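Q: The structure under discussion is supplied below as C-alpha cells; questions concerning it will follow.
The values are calculated or read from the model by the stated rules, or taken from the named source; none is laboratory data. As the structure is a computational prediction, the values presented were derived from the model and not from experiment. Positions of Cβ are backbone-derived with ideal geometry, glycine not excepted, and every protein chain shown enters the neighbour counts.
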Amino acid sequence: MKKKGTDPISIKLLAERLGVSESSVHNWVKTGFIKKEKNGRITAASVEKFMTKVVGKEKLHFGANKKLKDAHNHLELSEKINLLLQTQNPENSGEIYEAGLSDSFKNKEGIYYTPPKIISDMLQGIPIHNTMTFLDPCCGSGNFILEAIRKGIAPENVYGFDTDANAVTITKERIFRETGFRSENIKLGDFLEMAPQWVGVQTFDLIFTNPPWGKKFTKREKISLKKTYNTDISADSSEIFFFVALSLLKEDGYLGFLVQEAFFNIHTFEQTRQKALQYRILRLSDYGKPFKGLFTRAQAMIFQKQTAEPDHQVYCSFGQQHFLRKQISFKKNPKTIFNFWATTTEAEILVYLYQKPHATLKNQAEWALGVVTGNNKRFCSDIPKVGFVPVVRGADITLEGLQPLTRYISKNFDQMQQVAPLRFYQAPEKLIYKFIASRPVFYYDKESRIVLNSANILLPQKSLGITPQQLTDLLNSELYGWLFQKLFRTHKILRSDLEALPVFVDYFKTHPKFNEGTLLQYLSLHKDPKGYTLLK
C-alpha cells in the first residue's frame with residue numbers, strides 16, 4: 001500500500017496548489033526542477049524535492065516562492081485587531097492591520113490600503129451634501145468611507161464591500177466611533193459577485209475606491225467573470241471594477257479611481273480609457289509610489305458621468321506640474337493614452353509630429369525575445385567555457401554602443417524555457433534593444449550575437465524603406481527619447497509602443513547619414529534647455 005502523499009500528481013493540480021499557471025509547471029519540467037512520468041503526471045518525490053530545495057531558493061514564478069514564505073496567521077491577527085478595537089480608538093487600526101498582512105496575501109488579492117492624504121485630495125472640490133449616497137466597492141479598513149462622512153455625507157447613506165471580515169469589522173467600528181451610527185451597509189462579500197443584484201435597482205451619487213490591482217483570479221473565476229460581465233477573460237481586476245462601478249453610478253454622479261500607472265498608458269486598458277473619455281474627466285493626478293513593496297506609481301482619475309463639452313479641460317497634476325489640458329487631446333494619442341504628464345504645449349508637439357508624413361513598424365518588422373533560460377545561474381557563466389558563447393544582456397546595450405560582453409551561455413538550448421527561432425539570433429543584420437528602460441536604447445548587430453531575455457530583437461523589413469542602421473540611429477536620438485517619455489512614460493520598451501512610434505522615412509531621402517540637428521530642421525523643431533518648440 002502506498003503512503004499518503006506518494007501518488008503522482010497532475011500538472012493542473014500542482015499548478016492550482018502553487019497558485020501558478022500550468023505553463024510555469026511545464027517550464028519547471030523542461031528545466032529539470034521536477035520530473036514527469038510517461039503518463040504525464042509529476043512524481044511525488046520530485047515535488048517534495050522541489051518544495052524543500054528549490055522553492056524560495058531558486059528564481060521562479062513569484063506565486064510558487066510566495067506560497068511557502070511570507071505568510072501571516074490570520075486568526076492571530078484577527079484576535080489582535082479585536083482587542084485593539086475594544087481597548088483603543090480604532091482610527092489607526094487599519095494601518096496596524098495592513099502592516100500585519102503578508103506581502104503574498106496583499107499581492108494575491110491586490111490589497112493596498114489608501115493613505116488618508118491621497119483620499120482627501122481625491123475628494124477635494126467634489127460638491128457634497130448629506131443626502132448623497134456614497135459607495136466604496138472594496139472599502140478595506142474604511143479610509144474612503146470615513147473621509148466621505150467627514151466631508152458631509154450622512155453615515156446611513158454610505159455603503160461598502162470587502163472580502164476581508166477583519167477589514168469590515170474595523171470599518172464598522174470606525175463609523176460608530178465617528179458618528180454613533182451602527183451601519184449595516186458595510187457588507188462582507190465580493191462586490192463583483194453581489195453587484196449584478198444591484199444593477200437597475202440601486203445607484204450612487206459618488207463611487208470612490210482603490211480597487212484591487214492585478215488581483216490573481218483562478219481560471220474558474222475568470223470564466224465566471226467573463227460570463228457575468230461579458231468581459232475579456234484576461235481582464236485586469238481594476239478594469240472590471242471600473243465597468244461595474246460605472247453601471248451603478250447615477251447620471252451626473254462622480255467616480256474616483258486610484259489605480260496603477262499602467263491603467264493610463266498600456267494597450268490592455270485602452271477600452272477603459274475610451275469609455276472614460278465619453279464623460280467629463282475632472283482630474284488626473286499622480287501620487288508617486290505610496291505603497292510599500294510596490295514599484296508602480298499610484299494615479300487617480302476623477303470624472304463626472306456627464307457628457308464633456310468639446311472644449312472641456314482636465315486638471316492634470318504630475319510631480320510639481322499642475323496645468324489644464326483639453327480632454328480631446330487624449331483622443332489623438334496612439335492607444336488613447338492618458339499622458340497627463342505632458343503639458344498642453346508638449347501634447348501639441350506630439351500631435352504635430354504624428355501629422356508629419358511617416359511610416360510605422362507595425363506589420364513592417366519581425367520581433368523576438370532573447371533566450372529565457374529559466375535559471376541564469378545554472379545556464380550562464382561569468383567565464384568562457386567549452387560549448388559556451390558570449391551573450392548580450394540588456395545592461396550591455398548603451399546609447400554609445402555595446403559594452404564588452406562578460407556573460408556566456410551554453411550553445412545547447414534544449415533545456416531553456418523559451419528560445420526564438422535561431423534565424424533571429426543568426427540574422428546577419430538585426431536590432432537588439434534593452435527591455436527594461438525608460439526610453440529606447442538600440443544596438444545595430446552585424447555579428448549574429450545571442451541575446452538574453454533582458455534584451456529583445458527587431459528585424460525591420462525592406463518595405464520600411466530605411467536601413468537597420470538608420471532605424472537604430474533614429475530610435476536612439478534625443479528626440480525619440482523625449483517622444484517616448486512624453487507619450488508612453490513606461491519602464492519597459494514594449495513592442496506595441498515601438499510599433500506606434502512615427503518613423504520619418506522621408507528624412508533619410510535627403511539625409512542618408514543621420515544627424516540630430518538636421519532631423520530637427522526637417523521637422524521644423526527647435527530644442528533648448530526647456531524642451532522642444534515649433535519653429536514659426
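Q: Kindly establish whether Val25 is closer than 15 Å to Gln417 by Cβ, modelled with pLDDT of 70 or more and in a helix (DSSP H, G or I).
A: Yes.
Q: Do we have Lys530 as more than 22 Å from Gly401 (Cα to Cα), modelled with pLDDT under 95 and not assigned by TED's automatic domain parsing to the domain that holds Gln321 here?
A: yes
Q: Taking segment 361-375, which residues are within 25 Å of the chain's Cα centre (by Cα) and either in a loop (DSSP other than H, G, I, E, B) or more than 30 Å from Asp506 (Cβ to Cβ) (or both)?
A: Leu361, Lys362, Leu369, Gly370, Val371, Val372, Thr373, Gly374, Asn375 - these are the residues of segment 361-375 that are within 25 Å of the chain's Cα centre (by Cα) and either in a loop (DSSP other than H, G, I, E, B) or more than 30 Å from Asp506 (Cβ to Cβ) (or both).
Q: List the strands (runs of 3 or more DSSP E) inside segment 125-190, counting only whole elements, that have at least 1 residues being basic (Lys, Arg), surrounded by fewer than 21 Cβ atoms within 10 Å (Cβ to Cβ) and in the same structural domain as Glu239 (by TED's automatic domain parsing).
A: The strands (runs of 3 or more DSSP E) meeting that bar are 186-188.
Q: Since Phe241 meets every condition but one in (1) of a type outside the set (Asp, Glu); (2) surrounded by fewer than 19 Cβ atoms within 10 Å (Cβ to Cβ); (3) touching a residue at least 60 places away in the same chain (Cβ under 8 Å); (4) under 24 Å from Leu123 (Cβ atoms), which condition does it not meet?
A: Here Phe241 meets the rest and fails (2).
Q: Can you tell me which residue in segment 383-405 is nearest to Lys30 (Cα to Cα), limited to those that are part of a loop (DSSP other than H, G, I, E, B) and at pLDDT 95 or above?
A: Arg393
Q: Sticking with this structure for a sec: Are any residues in segment 328-352 aliphatic (A, V, I, L, M) and surrounded by fewer than 19 Cβ atoms within 10 Å (Cβ to Cβ), and if so, which ones? Break it down into steps so the answer makes sense when it comes.
A: Filtering segment 328-352 down to residues aliphatic (A, V, I, L, M) leaves 328, 337, 342, 347, 349-351.
Ile328, Val351 - these are the residues of segment 328-352 that are aliphatic (A, V, I, L, M) and surrounded by fewer than 19 Cβ atoms within 10 Å (Cβ to Cβ).
Q: Also, quick follow-up: Could you list all residues from segment 462-489 that are polar (S, T, N, Q) and either within 18 Å of Pro512 (Cα to Cα) or surrounded by 19 or more Cβ atoms within 10 Å (Cβ to Cβ) (or both)? So that I can check it myself, show each step before the final result.
A: Within segment 462-489, the first condition is being polar (S, T, N, Q), and the residues that meet it are 463, 467, 469-470, 472, 476-477, 485.
Matches in segment 462-489: Ser463, Thr467, Gln469, Gln470, Thr472, Asn476, Ser477.
Q: Just the residues that are without any contact (Cβ under 8 Å) to a residue 60 or more places away in the chain, out of contact with any Phe, Trp or Tyr (no Cβ under 7 Å at 6 or more places or on another chain) and assigned to a loop (DSSP other than H, G, I, E, B), please, taken from segment 268-296.
A: Gln278, Gly288, Lys292, Phe295, listed by residue number.
Q: Only one residue in Lys222, Lys215 is part of a loop (DSSP other than H, G, I, E, B) and either out of contact with any His (no Cβ under 8 Å at 6 or more places or on another chain) or of a type outside the set (Phe, Trp, Tyr) (or both), so which one is that?
A: Just one listed residue meets the conditions, Lys215.
Q: Moving on. Name the single residue, out of those in segment 306-327 being modelled with pLDDT under 95 and surrounded by 12 or more Cβ atoms within 10 Å (Cβ to Cβ), that is farthest from Leu282 (Cα to Cα).
A: Across segment 306-327, the extreme among qualifying residues is Gln321.
Q: Next question. Regarding segment 384-392, can at least one residue be identified that is under 30 Å from Arg273 (Cα atoms), more than 24 Å from the chain's Cα centre (by Cα) and of a type in the set (D, E, K, R)? Please lay out each step first, then the result.
A: Restricting attention to segment 384-392, the residues satisfying the condition of being under 30 Å from Arg273 (Cα atoms) are none.
No.
Yes or no, residue by residue, for (1) among the charged types (D, E, K, R); (2) without any contact (Cβ under 8 Å) to a residue 24 or more places away in the chain; (3) closer than 20 Å to Leu369 by Cβ:
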{"site": "Ile466", "(1), (2), (3)": "no, no, no"}
{"site": "Gln470", "(1), (2), (3)": "no, no, no"}
{"site": "Leu474", "(1), (2), (3)": "no, no, no"}
{"site": "Leu479", "(1), (2), (3)": "no, no, no"}
{"site": "Trp482", "(1), (2), (3)": "no, no, no"}
{"site": "Gln485", "(1), (2), (3)": "no, no, no"}
{"site": "His491", "(1), (2), (3)": "no, no, yes"}
{"site": "His511", "(1), (2), (3)": "no, yes, no"}
